[in-house]
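The values are calculated or read from the model by the stated rules, or taken from the named source; none is laboratory data. What you are looking at is a predicted structure, and each value in this text was computed from that prediction instead of being measured. No Cβ is skipped: glycine too gets one built from the backbone with ideal geometry, and neighbour counts run over all protein chains shown.
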Amino acid sequence: MTTGLVFDIKEFAVHDGPGIRTTVFLKGCPLNCAWCHSPEGKDRAPQIMHTLRGDRTVGKAYTPEALAAYLNSQIPILTANEGGVTFSGGEPLMQAAFIHATLDRLDPVHVLLDTSGFADGPVFAQLVRRFDLVYFDLKLMDPVTHLAHTGVSNAPILDNLRRLSASRVPFVIRVPLVPTITDTNENLSAIARYLHGLPGLVRVDLLPYNPLAGAKYPMLGMAYPLHELEHRSVTLQPEIFSDKGIQVQCH
Ligand code: SF4
């Protein structure tokens, strides 16, 4: 049986898509972004988190039946509030079979996939077409810098963005603004050039770096690599996108 590993379920979420939503965070991510504020989502295996309230296990196994039953019980209130269900992570595409099986059992509801875009092309294409909306992260356009800061090539991500655009599923591009790394004029301009005229693009969301991103790392026995950025402010530059006719939101 396909089981999934979930590290959190957030109810009444208002920043994970339209309306009021329930967001399922799936454990495991093939990227290792230096600025990640959910380090408990990186490892595919359950982990012990040492918190002030004591130790707790991060990562709970669900069958598709159990997760769908849990979500189905909330769908009337989500739908009444023009919301739905969001699958996030970690990287949800690492558990694509589990998501397919959960969607098979879900009552009709708006569903959103929040992804880094890093996955095998066929796996990506088959999953995204089952969603009403996709949130797709774009971090760095330069391949060398992308590899240095995330641990992976951006080539499959850009390939999947083209697949997404061809799929006719609408998508929002999410750009994490990390001081001196992703928020440079050069990087944002390269992203804007790449997106210009891309079918299916709804808007670009600029997401300023979370200065508390390093807080959970010690609880997992991990070292946070970007402490020197905690007091740096980000450069927004929404005009780089709006000048090209791309709708942009700053969060
Ligand atoms: S893609 Fe997202 S979840 Fe994965 S390491 Fe990067 S910031 Fe964290």
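Within the stretch 89-110, take every residue that is in a loop (DSSP other than H, G, I, E, B) and within 14 Å of the ligand (Cβ to nearest atom) and give me the one that is nearest to VAL169 (Cα to Cα).
Across the stretch 89-110, the extreme among qualifying residues is GLU91.
In the stretch 29-86, which residues are closer than 25 Å to ALA119 by Cα and polar (S, T, N, Q)?
Within the stretch 29-86, ASN32, SER38, GLN47, THR63, THR86 meet the criteria.
Which residues, taken from the stretch 95-137, are touching a strand residue (DSSP E or B) at 6+ places or on another chain (Cβ under 8 Å) and among the polar types (S, T, N, Q)?
Listed by number, the residues that qualify are GLN95, THR102, THR115, SER116.
Please indicate, with yes or no, whether at least one residue in the stretch 40-61 is in a helix (DSSP H, G or I) and within 13 Å of the ligand (Cβ to nearest atom).
yes
Looking only at the stretch 225-242, which residues are at negative phi and in contact (Cβ under 8 Å) with a residue 24 or more places away in the chain?
PRO225, LEU226, LEU229, ARG232, SER233, VAL234, THR235, LEU236, PRO238, ILE240, PHE241
Could you figure out which of (1) part of a helix (DSSP H, G or I); (2) in contact (Cβ under 8 Å) with a residue 60 or more places away in the chain; (3) not hydrophobic (A, V, I, L, M, F, W, C) isn't true of THR86?
(1)
Restricting attention to the stretch 2-23, does a residue exist that is more than 16 Å from the ligand (Cβ to nearest atom) and at pLDDT below 95?
Yes, because at least one residue in the stretch 2-23 is more than 16 Å from the ligand (Cβ to nearest atom) and at pLDDT below 95.
Starting from the stretch 31-42, take each residue that is farther than 16 Å from PRO218 by Cβ and touching a residue at least 40 places away in the same chain (Cβ under 8 Å) and list its partners that are aromatic (Phe, Trp, Tyr) and outside any loop (DSSP other than H, G, I, E, B), counting only C-beta distances under 8 angstrom and pairs at least six apart or across chains.
Close Cβ pairs (under 8 Å, with a partner that is aromatic (Phe, Trp, Tyr) and outside any loop (DSSP other than H, G, I, E, B)) amount to GLY41/PHE7; GLY41/PHE25.
In the stretch 38-67, what residues are out of contact with any strand residue (DSSP E or B) (no Cβ under 9 Å at 6 or more places or on another chain) and aliphatic (A, V, I, L, M)?
LEU52, ALA66
Which of the following residues is closer than 30 Å to GLY84 by Cα, surrounded by 21 or more Cβ atoms within 10 Å (Cβ to Cβ) and at pLDDT below 95: ALA192, ALA213?
Of the residues listed, the single one that is closer than 30 Å to GLY84 by Cα, surrounded by 21 or more Cβ atoms within 10 Å (Cβ to Cβ) and at pLDDT below 95 is ALA213.
Check LEU71, LEU113 and return the single one that is more than 14 Å from the ligand (Cβ to nearest atom), touching a residue at least 24 places away in the same chain (Cβ under 8 Å) and either among the hydrophobic types (A, V, I, L, M, F, W, C) or assigned to a loop (DSSP other than H, G, I, E, B) (or both).
Going through LEU71, LEU113 in turn, the sole match is LEU71.
How do the pairs read when you match residues in the stretch 1-15 that are under 13 Å from GLY90 (Cα atoms) with residues anywhere that are among the hydroxyl-bearing types (Ser, Thr, Tyr), using Cβ under 6 Å and keeping only pairs 6 or more apart or on different chains?
GLY4/TYR62; VAL6/TYR62
Across the stretch 24-39, what is the number of residues that are assigned to a strand (DSSP E or B), of a type in the set (A, V, I, L, M) and within 13 Å of the ligand (Cβ to nearest atom)?
Qualifying residue count for the region: 1.
Enumerate the helices (runs of 4 or more DSSP H) found wholly within the stretch 120-184, keeping only those where 2 or more residues are away from the ligand (no atom under 14 Å from the Cβ) and crowded, with 21+ Cβ neighbours inside 10 Å.
121-128, 155-167
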